Amino acid sequence: KLTIVDFLRQRGISFDTQNLTGAGDLDVDFYARRNFCSECHGDWYVEGITGIRFPTGTRVDNPGLLLEQPLGNNKHFEFKLGGQIGMQPTEWFAFKADAQFYHVFSHTERVGAPFVGATIKNIGPTVDAKVSWNYFLANLDLTFLVPCSKNCSGFNIGYQPYFKLQDKVSFDQLTAVDFQGNVATLNPALIESNTKRHAQRIKVELFHKTCNWEIYGGWLHTIAGKNIQRESDWYLGFGMFF
């Protein structure tokens, strides 16, 4: 007896675990900064940020591998525009806040055909779809420093909200042939459904910085959200200055 899993596997749809390795996307950012000094409020600065993400990451070409994820934006170029403000009113405390808007340009992806009347997306014959989206990201960091130290050591406590708007999807074709050999109308709204997301994240970070190098590490955790995974990230970084 043919099961639904066997039926889909014969048509290239797999629920098996997927493993994809390769290069990720390349981010190039540009900054413009102005520093200020005030007797009343201490040192502070404003900074403008713009950047481009180049789609150097490995692309997912087979939407039938349902659990395979692209290593980046799946060949979409991305543009970023934002700003940051920071202040250190005392020797032991500083804060900074930033916000960025991201636009992911339209690019053709291979997707499972979404037919009118269907309730499950991403499972269907392969068709080409033009997809784009926008999202917002912000950070608020409170920094507590070790006073009377020749180096810069301390810890950060941060909050990071993330908002992604609904995908915009379009097709060059109006119909496609389904698995039964019938010609059916495509419905881009099915692909767009549940792509509007938001997340609330918190961060804790320890750091130590000298004139020539710095080391930092921390923890980032998603505490709430919608249509998004609850994740915990641990990270460790090292930098040198020349």
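The values are calculated or read from the model by the stated rules, or taken from the named source; none is laboratory data. Here the structure is a predicted model, which means the values were calculated and not measured. Glycine also receives a Cβ, built like all others from the backbone with ideal geometry; neighbour counts cover every protein chain displayed. Just so you know, the surface numbers come from the protein's heavy atoms only, side chains and all, with ligands and any DNA or RNA stripped out. Shrake-Rupley method; radii C 1.70, N 1.55, O 1.52, S 1.80 Å.
If you average 1/r across every pair of different Cα atoms in the chain and take the reciprocal, what Kirkwood value do you get, in Å?
Hydrodynamic radius (Kirkwood, Cα only) of the chain equals 21.3 Å.
Rolling a 1.4 angstrom probe over the protein chains, ignoring ligands and nucleic acids, what is the accessible area of R34 in square angstrom, nearest 10?
About 140 Å², rounded to the nearest 10.
Starting at 0 and stepping by 5 Å, how many percent of the alpha carbon pairs of segment 166-242 end up in each bin?
3, 12, 12, 10, 10, 9, 9, 9, 8, 7, 5, 4, 2, 0
Rolling a 1.4 angstrom probe over the protein chains, ignoring ligands and nucleic acids, what is the accessible area of C37 in square angstrom, nearest 10?
Approximately 110 Å² of C37 is accessible to the 1.4 Å probe.
Based on the Cβ-Cβ distance of L174 and S106, what FRET efficiency does E = 1/(1 + (r/R0)^6) give at R0 = 25 Å, to the nearest 0.05?
Here the calculated transfer efficiency is 0.85.
Can you give the accessible area of E68, probe radius 1.4 Å, in Å² rounded to 10?
E68 exposes around 40 Å² with every protein chain in place.
Return the FRET efficiency for the residue pair V116, R11: r is the Cβ-Cβ distance, R0 is 22 Å, and the value is rounded to the nearest 0.05.
The computed FRET efficiency comes out at 0.65.
Would you work out if segment 97-206 is rounded, prolate or oblate? Take a ≥ b ≥ c from the square roots of the eigenvalues of the alpha-carbon gyration tensor; rounded if a/c is under 1.5, else prolate when a/b is larger than b/c, oblate otherwise.
prolate
So what are the ³J(HN,Hα) numbers for segment 10-17, from phi and the Karplus equation (6.51, -1.76, 1.60; θ = phi - 60°), rounded to whole Hz, Gly and Pro as x?
Computed from phi, the couplings for segment 10-17 are 4, 9, x, 9, 10, 9, 5, 4 Hz.
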